[in-house]
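Here is the structure we will look at, set down as structure tokens.
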Amino acid sequence: MKAIVNSESLLLLSKLVKDGKYQVIVKGGSIKLLAESELNEYQVEIIEPYNSEKEDGELAIPQEVFALLPKKTSLVIENNVIKTEDQEIKLDPGTMSIIPIDIHNEECINIPNFNKLVECKYAIAKDEARPALQCLYIDKNNIVALDGYRMSVRSNKENITCEPILIPYQIVKLLRNFSKNDIATIYHDDNYIKICFSWVSIMCKRPRDKKGDKLKFINYESLFPNQDTTRVTLNALELADICKQITKLNSYSQIVNFNFNSNGSYLVTRVQGIRYKKYFKCRIDGSDLDIAVNAKYMLETLRNYKGDATLCMSNVASPITITDYENKKDLVLPIIRK
């Protein structure tokens, strides 16, 4: 075999699949870099474009090789040798063969403003008790994530898909590497899902329960309160900075009491004998309200907003809805004080 491969492509492959099998495949005029995770949870494929010097063949690459690759240079891969101008890596013939995931009769959806919609992934569940909540949920024009304590919804102006889709956690955990991409394309059939960013594709099985049935997301729309008695409009990043300061001050207990008062709003928290009180500016429509929240959850929500955000509440026990009245809508549960 023979191929010229950009070293950055191979390094990206090893970054997306930290422990697994790696292979260069030259076939039918195309060059594919393919990796499969150790537990066969997902595959990553990178297409090398604009390569004129190539001969069909396959080469398995041991994981140790990636530490030896130089950055930002072309690699000549010929038979079992990887060469640059000043180094040569000779490999023993490998037997690791990856069977590429093949999607049949797939459906395709395009997400043109992916980087804005996918920021809701911060609210995905971290525990494995509820597998469906470890996924991103695409429903009509919305991308949704929730973990039982908070929820995040990002809306597109036009419908993304007619059929609801769950993007599995195996893919979600890699999305931070593509957070600046404006366009993502998703292919799926009954068995597999593939999300593509330009020349890079990530593929895995569609999430199913222990019985083999497709996972179902909960009715997330029913979780938003139907009415509110208090609406507080404030500078989101200003309040996020205050919450960030509190999370650094106390990593054990991050309970904060917000007093939304027309005579002067403030928050209060207690840390090892210290009572910290901080005033902030806001506009209140409706009744005054004193409510307790987790500062970390509020921080993770508000830092995704620019400019003003509005907090909608009805009482001390009802969920707090946070929105910009455009394409962002988040929900944070309060802490019920005894």
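What to note about this one:
- Criterion: among the acidic types (Asp, Glu) and more than 23 Å from the chain's Cα centre (by Cα) - qualifying residue of Asp288, Asp241, Asp330, Asp324: Asp288
- The residues in segment 215-230 that are surrounded by fewer than 17 Cβ atoms within 10 Å (Cβ to Cβ) and charged (D, E, K, R) can be counted, and the count is 2.
- Subset of segment 1-49 [farther than 21 Å from Ser198 by Cβ and touching a helix residue (DSSP H, G or I) at 6+ places or on another chain (Cβ under 6 Å)]: Glu41
- Considering each residue of segment 13-26 in turn, at least one proves to be over 15 Å from Gln63 (Cα atoms), part of a strand (DSSP E or B) and assigned by TED's automatic domain parsing to the domain that holds Thr84.
- Of the strands (runs of 3 or more DSSP E) that lie entirely inside segment 229-305, those containing 2 or more residues that are farther than 24 Å from Ile336 by Cβ span 230-235, 283-286.
- Any hit, segment 67-75, residues being within 15 Å of Leu11 (Cα to Cα), assigned to a strand (DSSP E or B) and not aliphatic (A, V, I, L, M): yes
- Residue satisfying all of: in segment 158-185; out of contact with any strand residue (DSSP E or B) (no Cβ under 6 Å at 6 or more places or on another chain) and free of Cβ contacts under 8 Å to residues at least 40 places away in the same chain; farthest from Ile320 (Cα to Cα) among these: Cys162
- Only residues that are acidic (Asp, Glu) and in contact (Cβ under 8 Å) with a residue 60 or more places away in the chain were counted across segment 193-248, and they come to 2.
- Filter result for the condition that a residue is at pLDDT 90 or above, outside the structural domain of Leu311 (by TED's automatic domain parsing) and over 30 Å from Val24 (Cα atoms), over Lys121, Lys173: Lys121
- Scanning segment 287-338 for residues that are of a type in the set (Asp, Glu) and touching a Cys at 6+ places or on another chain (Cβ under 7 Å) yields a total of 0.
The values are calculated or read from the model by the stated rules, or taken from the named source; none is laboratory data. As the structure is a prediction and not an experimental result, all values here were calculated from the model. Note that each Cβ is placed from the backbone with ideal geometry, even for glycine, and that neighbours are counted across all protein chains shown.
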